Amino acid sequence: MTWAKELEELRAREALAEQMGGADKVARQHGRGKMDARARLAALCDEGSFREIGKIAGSAKYDANGDLASVTPAPFLFGKALINGRPVVATADDFTIRGGAADAGIARKMVQAEMMAHQLKLPIIRMIDGTGGGGSVKTLEQIGATYIPAVPGWGDVVTNLDTVPVVALALGPTAGLGAART
């Protein structure tokens with residue numbers, strides 16, 4: 001038995017995730033004089049030290065033959081990195097994919113990043129752009145509900161404020177949970 005097909009799809013998913021929201025949306029972000037999430041992480045972290053977690057998280061579409069056609073990655077990047085040789089958890093919202101709500105599209109990754117910082121006792125850097133909280137109209141339409149009043153991971157966000165160094169940067173529109181994380 002070989003895993004060649006599965007590994008090929010994994011590499012394809014990674015390559016698609018690296019395109020973020022696509023060339024047009026990345027260009028629009030740059031046209032506003034703003035760095036995209038991957039550029040922000042590259043500029044912040046020591047060269048080559050960022051190890052992304054959950055790069056392929058998101059939703060995939062397949063063609064009629066069952067082959068991977070596209071991937072919309074989760075609009076939140078995180079991983080472990082070095083800054084001036086010191087380990088940190090680094091996160092960045094990706095406004096090229098979707099802005100407006102820190103909802104189920106990123107909740108699990110955001111919670112994991114916060115838990116990782118707490119468990120490893122590492123500083124966490126939050127680069128926040130275009131997020132809110134409490135669910136969005138799109139979430140309401142997709143799942144028929146929001147998660148108000150429960151906000152996934154809020155306890156972890158608050159715990160980290162008391163247990164590890166936290167640096168939060170509001171780099172664009174920030175409301176709700178996004179604002180509370182800054």
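The values are calculated or read from the model by the stated rules, or taken from the named source; none is laboratory data. Since this is a predicted model, take the numbers as computed values, not measurements. Neighbour counts run over all protein chains shown; Cβ positions are idealised from the backbone, glycine included.
For residues in the range 23-46 being more than 11 Å from Leu77 (Cα to Cα) and in contact with a Leu (Cβ under 9 Å, 6 or more places away or on another chain), which is surrounded by the fewest Cβ atoms within 10 Å (Cβ to Cβ)? The extreme case among them is Asp46. Looking across Ala69, Ala90, one residue alone is surrounded by fewer than 17 Cβ atoms within 10 Å (Cβ to Cβ), of a type in the set (A, V, I, L, M) and modelled with pLDDT of 90 or more. It is Ala69. Residues considered: Ala12, Ala4. Of these, the only one that is free of Cβ contacts under 8 Å to residues at least 40 places away in the same chain and of a type outside the set (Asp, Glu) is Ala4.
Pick from the range 72-87 the residues that are among the small types (Gly, Ala, Ser) and at pLDDT 95 or above: which of them is farthest from Leu16 (Cα to Cα)?
Taking the range 72-87 as the starting set, the residues that turn out to be among the small types (Gly, Ala, Ser) are 74, 79, 81, 85.
Then drop every residue that is not at pLDDT 95 or above, which leaves 79, 81, 85.
On the way: Gly79: 18, Ala81: 22, Gly85: 30 Å.
Looking at residues that are among the small types (Gly, Ala, Ser) and at pLDDT 95 or above, I get Gly85.
Of the set (1) under 22 Å from Arg40 (Cα atoms); (2) modelled with pLDDT of 65 or more, all apply to Glu141 but (1).
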